[in-house]
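Peer 1: Quick one: the structure is below, and I'll ask about it shortly.
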Amino acid sequence: MRKVYKKYKLSDDVTIQVLSCSDQQLTAKLWFSGKGFPSGHHHSNEEVNVFVSGEFNAITGSEAIKVGAGDAVTVPPDVEHNLECLSGEGVLISTWTPPRQDFMEKFMEVENG
């Protein structure tokens, strides 16, 4: 049986839902309904973002690139990064390897479970 995880608000503008998790990776869907996160962050996980809809400014280290549906951005471990939604609404799929422990602890409650 496929697990369906609850959705959680990361901020006023961003909602997350874990889609899949294993010992090697964690994948989640993120919905943006505004600019997004107020500032950058970093973590020890490699991160891959695949953009489903909307336009974003993807900031990785000192590089900023405009991306949209069909684009993908890889963020190396321990590099400061952020996403700004330029279109007001957007969706992306993010994968972290190894899985983000903080997300596993906070965002993996199963719906109706």
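Peer 1: Explain nothing, just the number: relative contact order of the chain, from Cα pairs under 8 Å at least 6 residues apart, as a whole percent. Before the final figure, lay out the partial values.
Peer 2: Numbers: 273 pairs, mean separation 38.1, N = 113.
This gives 34 percent for the chain.
Peer 1: Also, I was wondering about something else. In the chain, what percent of the accessible surface is made up of carbon and sulfur (1.4 Å probe, ligands and nucleic acids excluded)?
Peer 2: Working: 3170 of 6380 Å².
Using a 1.4 Å probe with all protein chains present, the chain comes out at 50 percent carbon and sulfur.
Peer 1: Another question, then. What number comes out for accessible area per residue over the chain if the probe is 1.4 Å? Units Å², please. Mind dumping the intermediate values first?
Peer 2: Details: 6380 Å² over 113 residues.
Per residue, the chain has an accessible area of 56 Å².
Peer 1: Here's a follow-up. Is segment 9-70 rounded, prolate or oblate when judged by the Cα gyration tensor, a ≥ b ≥ c being the square roots of its eigenvalues, rounded requiring a/c under 1.5 and prolate requiring a/b larger than b/c?
Peer 2: Working: a/c = 1.43, a/b = 1.22, b/c = 1.18.
Verdict is rounded for segment 9-70.
Peer 1: Decide, for segment 5-113, between rounded, prolate and oblate: order the square roots of the alpha carbon gyration tensor eigenvalues as a ≥ b ≥ c, take rounded if a/c falls under 1.5, and otherwise choose prolate if a/b is larger than b/c, else oblate. All intermediate terms of the calculation are to be shown ahead of the outcome.
Peer 2: Details: a/c = 1.75, a/b = 1.26, b/c = 1.39.
Note, shape of segment 5-113 comes out oblate.
Peer 1: Would you tally the net charge around residue 35, using a Cβ to Cβ cut-off of less than 10 Å, leaving residue 35 out, and scoring K and R as +1, D and E as -1?
Peer 2: Working: positive: none; negative: 12, 13, 84.
Once all neighbours under 10 Å are counted, the net charge is -3.
Peer 1: About its Cα centre, how strong a charge dipole does the chain have in debye, to the nearest 20, once Lys and Arg get +1 and Asp and Glu get -1 at the Cβ? Numbers along the way, then the final one.
Peer 2: Values: 10 positive and 16 negative charges, 91 e Å.
With Lys and Arg at +1 and Asp and Glu at -1, about 440 debye.
Peer 1: Related question: Evaluate the distance, in nm, between pseudo-label points positioned 7 Å from the Cα of residue 66 and of residue 106 along their respective Cα→Cβ axes.
Peer 2: 3.1
Peer 1: Take the alpha-carbon centre of segment 45-68, take the same for segment 1-18, and report the distance between them in whole Å.
Peer 2: 19
Peer 1: Go through 62, 24, 43 and say which Cα lies farthest out towards the positive end of the charge dipole of the chain; charges sit on Cβ, +1 for Lys and Arg, -1 for Asp and Glu.
Peer 2: Going by the charge dipole, the pick is 24.
The values are calculated or read from the model by the stated rules, or taken from the named source; none is laboratory data. For clarity, every value in this text was computed on a predicted model and none was experimentally measured. Methodologically, a virtual Cβ is constructed for each residue, glycine included, from the backbone with ideal geometry; neighbour enumeration extends over all protein chains shown. Accessible surface is based on the protein model in full, side chains and every heavy atom, while ligands, DNA and RNA are left aside. Shrake-Rupley method; radii C 1.70, N 1.55, O 1.52, S 1.80 Å.
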